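Visitor: Please find one structure pasted underneath; my questions will follow.
Each value in this text was obtained by applying a stated rule to the coordinates, not by laboratory testing. Bear in mind the structure is a predicted one, so any value in this text is a computation, not a measurement. Every residue, glycine as well, gets a Cβ built from its backbone with ideal geometry; the counts of neighbours run over all protein chains shown.
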Amino acid sequence: MIYRRRTGPLHSARAAAGCAYCLALGIAALIVSDPVVLGAVVLAVLAAGHAAGVGREVRRAAAFALPAMVAIALINALVTRNGLTVILRLGDLPLLGHTDVTLEATAYGAILGLRCGALILCGVLYTTAVDPDEVLRLFRRVSYRSALSATLATRMVPILIRDSRRLADAQRCRPGPPPSRLALMRAGTSGMLDRALDVAAALEVRGYGVARRPGRGDRNRTHRPRAPLSRHDLAFGASAVAVVVIAALAHWVPLAPFSAYPSLYAPAGPEALATSAALFVCALAPFLDRRGL
């Protein structure tokens, strides 16, 4: 799951707008607790990935996140003692003691798992739809060395994946049992570290990372003017603001009241449905403008 340049509104927007959009969806997933609204956030991320042309990667991430979501729900149901409605009595269990599974703990565990899945999907959408080089240019003005280090780190991850695949293919050609993933990871990591040392030595020879004093030529150096904001930048920026505002209103007003403890209260009334619809529409509205792509 790496970034590839594609034709779409999110890929055409600036890195700052793309980061704000993905961050807004992640903030909405963290703020909202109502299951209906949280489900709308998950559906919005899935639909945004499909509209951005990275639906396959997002679906693969969803399949990868599903076991983690189930595990979080089960762990919360087993270890949490809050709640009034007992649905399962397990008696005395090792390490856990007397365990009674409650409806409230199970429901809240499902919400925590859904929230975890939404955050994973937001991270995958950011990774596959936002240009990492443009993101590093944003941080270059803050610290040039940090941007250079982050650039090297992000470039080494695909190299590690390719080296591991080559090692696995080479091992399959040899007789005997196939190597373990730990052995492949150890060999690939050692090769990547050696390559990183070579790259660092080459950069040191070329003078990267050395503090440079401003000279006379810097005053006469012309700076390239920054391009104006495009309609996609404005659209995704406005969408990010709208998503965060709707999520904040749903949490603090609250438009969609929800409480798990001590008794489960999750009404799926018109307020929750309207909030979910508004959040979903605001998240996908920037993808409707595909002129000139």
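Visitor: What is the local net charge at PHE236, summed over the other residues whose Cβ is closer than 12 Å to its Cβ (Lys, Arg +1; Asp, Glu -1)?
Guide: 0
Visitor: Can you list the trypsin sites (Lys or Arg not before Pro) in the stretch 10-85 that are in a DSSP coil and have 16 or fewer other beta carbons within 10 angstrom?
Guide: Details: sites: ARG14, ARG56, ARG59, ARG60, ARG81; in loops: ARG14, ARG81.
Hits after loop and neighbour filter: ARG81.
Visitor: In debye, nearest 20: dipole of the stretch 1-114 around its Cα centre with unit charges on the Cβ of K, R (+) and D, E (-)?
Guide: 740 debye
Visitor: When LEU249, LEU125 are ordered from fewest to most other Cβ atoms inside 10 Å of their Cβ, what list results?
Guide: Working: LEU249 15, LEU125 25.
Going from least to most buried by this count: LEU249, LEU125.
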